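Contents: one structure, followed by commentary.
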Amino acid sequence: MIRAHMPQLPMALRRIGKYIVENPDLIVKQTADQVATLSGSGKASVVRFCRLIGFEGFQDFKFALAGELAARPVRAPDASALASRQISETLRGTLSAALQDNVSLLDYNNVETLAVRLVDARRVDIYGAGVSGILATLLATRLLRLGIMAFAFSDPKIGAELAHGLDATSVAIGLSETGITSETVQALKRARSAGVFTAAITARPDSPIVASAETVLLAAAAESPLTGGALTVAFTQLFVIEVLVSAVAIEIGRREARRPRGKR
């Protein structure tokens, strides 16, 4: 009943409804003053809320709420829910450790170098297969929003075929967790042979893709004992992408600030 009323309520009363829905067991033990304080409203608003949804006042509402809670069946802990929570805690620990490693692992001079190149680029091609292909699309989208002409190729073979359109004014980035995905490596290699500035985002510093990259951004090679490496490395690659895009945005801001007024 509260949820049904909430969309039509003013913001102050909506806050009260949200607090009640999220904390029903606490409400039956609290006073109107306490509910008002904890929901960021006033006591008069609490009473008004109760009347709007059909009760004479706060006490009348509390009795009805207590009756509903008492009628609810008591559920035993769900074994599946407990297992899911354990899994989530394990993943959280794995990802937290991996991201912390990445803060230390990332070469921020390389980040700045690549950011400047991206801002100067006439065209940016980004290669990746599988999960890395999804991240390549994400990176391209983020760069496009910053005004950089970026294209993602989840099929690196197509990217390699189109590399002939690239030159020294372009940038090519290869994403590969292992650094051995042959199509991604070949696409980056062909781009470099065309005079393109190349970069790699990978978890393996000694992998073949590094040989075709002029700059490398390392993603921590964390592996979850539950899901394997694909998911966790996707998070660390995403971390690297976010750091890079932030550096690009900062570089664009610097240049905008240096421009004389009236010429923006």
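Points to keep in mind about this one:
- Gain on full stretching of the segment that runs from R51 to T90 - 0.36 nm per residue minus C-alpha separation: 9.4 nm
- Among 81-91, 106-116, 169-179, the peptide with the highest mean count of other Cβ atoms within 10 Å heads the list, and the full ranking is 169-179, 106-116, 81-91.
- In order along the range 202-212, the Karplus-derived 3J(HN,Hα) couplings, from 6.51 cos²θ - 1.76 cosθ + 1.60 at θ = phi - 60°, round to 8, 9, 10, x, 10, 8, x, 5, 5, 5, 9 Hz, and Gly and Pro are given as x.
- Taking every C-alpha pair closer than 8 Å and separated by at least 6 residues, the mean separation divided by the residue count of the range 97-258 gives a relative contact order of 25 percent.
- Nonlocal amide H pairs with F197, under 5 Å, H built at 1.01 Å: S170, A172
- All other residues whose Cβ lies under 15 angstrom from that of S154 are scored, Lys and Arg at +1 and Asp and Glu at -1, for a net of -4.
- With R₀ fixed at 51 Å, the C-beta to C-beta distance from M11 to D206 puts the FRET efficiency at about 0.35.
- FRET efficiency estimate (nearest 0.05) - Cβ-Cβ, T31 to A4, R0 35 angstrom: 0.85
- Mean ellipticity per residue at 222 nm, deg cm²/dmol - from DSSP H runs of n ≥ 4 across the chain, formula -39500 (n - 2.57): -18500 deg cm²/dmol
Only the coordinates and a few stated rules stand behind these numbers; no lab work does. Since the model is a prediction, treat every value here as computed from it, not as a measurement. Note: ideal-geometry Cβ built from the backbone for every residue, glycine included; neighbour counts use all protein chains shown.
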